[in-house]
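Shown next, in structure tokens, is the structure this report addresses.
The values are calculated or read from the model by the stated rules, or taken from the named source; none is laboratory data. Source: prediction; values computed, not measured. Note that we place each Cβ from the backbone using ideal geometry, even for glycine, and neighbour counts take in every protein chain shown. Surface areas here come from the heavy atoms of the whole protein model, side chains and all, with no ligands, DNA or RNA. Shrake-Rupley method; radii C 1.70, N 1.55, O 1.52, S 1.80 Å.
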Amino acid sequence: MVAHVLRLRLALLVGATRGEHGVRRVLALLASIAITVAVCIAIIGLGSAPLPTAHTVLVLGAAATFLAFFLAPMLTGSPDQLDPRRFAPFAVDVRQLPWILALASLISVPSLALIAVTTCLVFVAISAGAPTALAVLAGVVGVLSTALAARIGMAISAILLPERRSRELTVLITIPVLVIAFPVAAYFASLRWDGNVPGAVDVATNVVGFSPLAAPHALLFHLAAGEQREALASGSIALASFLALLGLWAYLVHRLSTVTERPYATRERSGLGWFGTLPANAFGAVAARSLVYWLRDRRYIVNLLVVPIAGVLTVFPLIVAGVPVWIAALVPVPLMALFFGWLPHNDVAYDSTALWIHIASGVRGLPDRLGRLVPVLLVSIPLLAIAVSVTLAFIAQWSLLLPLIGVAAVLLLSALGMSSIASVVFPYAVSRPGDSPFQQPQRSSSHGSFGAAGTFIGALLFSAPTMWQFGLTIVEGDQHAPATFWLGVITGVLVLFGGAAIGGAIFERSGERLMEFVETT
């Protein structure tokens with residue numbers, strides 16, 4: 001059975017180069033080979049670098065590779081050729097299937113590239129003085145652990161996510177990765193090594209090296225440096241992690257082979273877009289409808305595009321006025337967060353006559369209020385993460401990372417909470433669907449300005465303590481950074497849900513008034 005599965009895997013690998021997409025796949029294969037060769041040359045070149053530098057670069061690279069193998073199946077949604085459910089009709093022994101599939105997974109382009117790169121890494125470690133047998137064993141454990149991570153990622157994707165991945169679900173999975181990966185990459189790119197490993201990077205390397213992400217690779221360098229105690233710790237973590245991954249993989253294979261999933265996920269929800277991706281409840285329905293509006297209606301799109309542009313343009317008048325560049329560079333992020341939170345302060349008016357769907361269906365106020373905020377959060381959080389990273393890289397003050405996140409969080413979330421109240425208390429007339437977003441109708445009263453101004457003022461009042469802490473961080477030092485971060489996040493979350501609850505209660509009691517408003521304006 002093992003030989004049959006391996007032959008099948010080889011046949012699939014060769015067959016991928018044939019057919020109508022054969023040329024494209026051959027070019028992709030050649031590109032993969034070229035990248036692998038370049039990485040191997042770079043690793044061998046690190047053999048002449050100081051051992052701490054090589055240790056840092058390769059351990060962090062190994063951790064990134066481990067995460068990439070684990071997350072790639074969830075992000076791409078590509079079908080799994082070695083899905084355990086495909087072997088169910090052939091009466092394969094479930095107890096043997098896990099290690100058979102794990103062994104067959106090594107016959108793939110990413111796995112073969114991983115084996116080649118790890119071989120070069122082991123060679124560098126042996127050249128630096130690591131014992132040959134232990135170095136080879138560490139390399140094998142590293143390869144198998146990473147391959148198992150990929151198999152586990154495939155299995156989790158098969159259990160939790162639809163086989164035919166929608167664009168919307170891919171967006172929801174990609175956003176957290178972007179929010180985390182971009183600031184981390186920007187931080188490391190901004191560091192100056194000057195021939196030595198920066199202190200923050202050294203700490204990160206030690207933490208990652210004693211984790212399942214890169215323990216086998218850290219073991220290689222501990223062996224080369226003769227650090228017996230650290231080598232024992234890394235080796236124990238690497239072996240325990242490998243056994244844990246193997247046990248989890250065996251459990252997932254057993255579950256996929258013996259449990260029949262409900263067959264509605266693909267057929268019933270296909271073609272529904274956001275409505276098929278988000279939860280099947282009132283919150284999910286409101287969020288899906290809002291997402292469709294925000295991503296297709298040009299009135300919303302213009303609002304989203306104006307916020308980043310306005311944030312960046314504020315820097316130039318400040319510089320002309322004589323404000324130091326590094327202080328002026330800190331202004332766009334808070335300003336963008338405030339404006340993003342302010343955007344939905346009149347979302348009821350933008351609904352126009354479609355508001356009757358919410359009222360006629362008896363949607364409760366809280367799901368309505370929270371569901372309308374989902375589009376703003378999905379757009380603003382990645383953009384603010386990128387803006388924070390670019391700002392700190394520009395001014396080279398990464399000690400302000402936590403406090404700046406706290407300020408952005410409290411401004412964004414507080415403004416969203418205030419917008420949830422303002423949109424049902426003080427709605428005002430806006431351009432109708434299909435009209436130019438720059439066309440503003442005549443207003444018979446000034447009540448609309450109360451909601452717009454109230455949202456700004458309320459968000460600034462709730463954010464004032466956090467901004468005061470941020471100022472202390474700039475003046476007195478980063479000892480105030482953790483307090484600024486937690487104060488901003490906690491205050492923002494409380495105001496967000498408090499405002500949504502108050503706005504929801506008002507929404508439930510104001511249905512007739514709101515319908516009259518949208519019909520007459």
| message | Modelling each spin label as a point 7 Å along the Cα-to-Cβ direction, I'd like the ALA396/VAL292 distance in nm, to one decimal. | response | 5.2 nm
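Highest mean first, what order results for 469-478, 284-293, 332-341, 317-326 on Cβ atoms within 10 Å? Intermediate results must be reported in sequence, preceding the final value.
Details: 469-478: 16.0, 284-293: 21.0, 332-341: 24.4, 317-326: 11.4.
Order by mean packing, descending: 332-341, 284-293, 469-478, 317-326.
Quantify, in whole percent, the carbon and sulfur part of the accessible surface of the range 117-162 (1.4 Å probe; protein heavy atoms only).
Values: 1360 of 1690 Å².
The computed percentage sits at 81.
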| request: Please list 495-506, 369-380 highest first by mean number of surrounding beta-carbon atoms within 10 Å per residue. | output: 369-380, 495-506
| So how strong a dipole does the range 450-521 carry about its Cα centre when Lys and Arg Cβ are +1 and Asp and Glu Cβ are -1, to the nearest 20 debye? | 80 debye
| note | Using the Kirkwood formula on alpha carbons, the hydrodynamic radius of the range 304-441 in angstrom works out to 16.6 Å
| In whole Hz, what ³J(HN,Hα) sequence does the range 139-151 give by Karplus (6.51, -1.76, 1.60; θ = phi - 60°), x for Gly and Pro? | x, 5, 4, x, 5, 5, 5, 5, 5, 5, 4, 5, 5
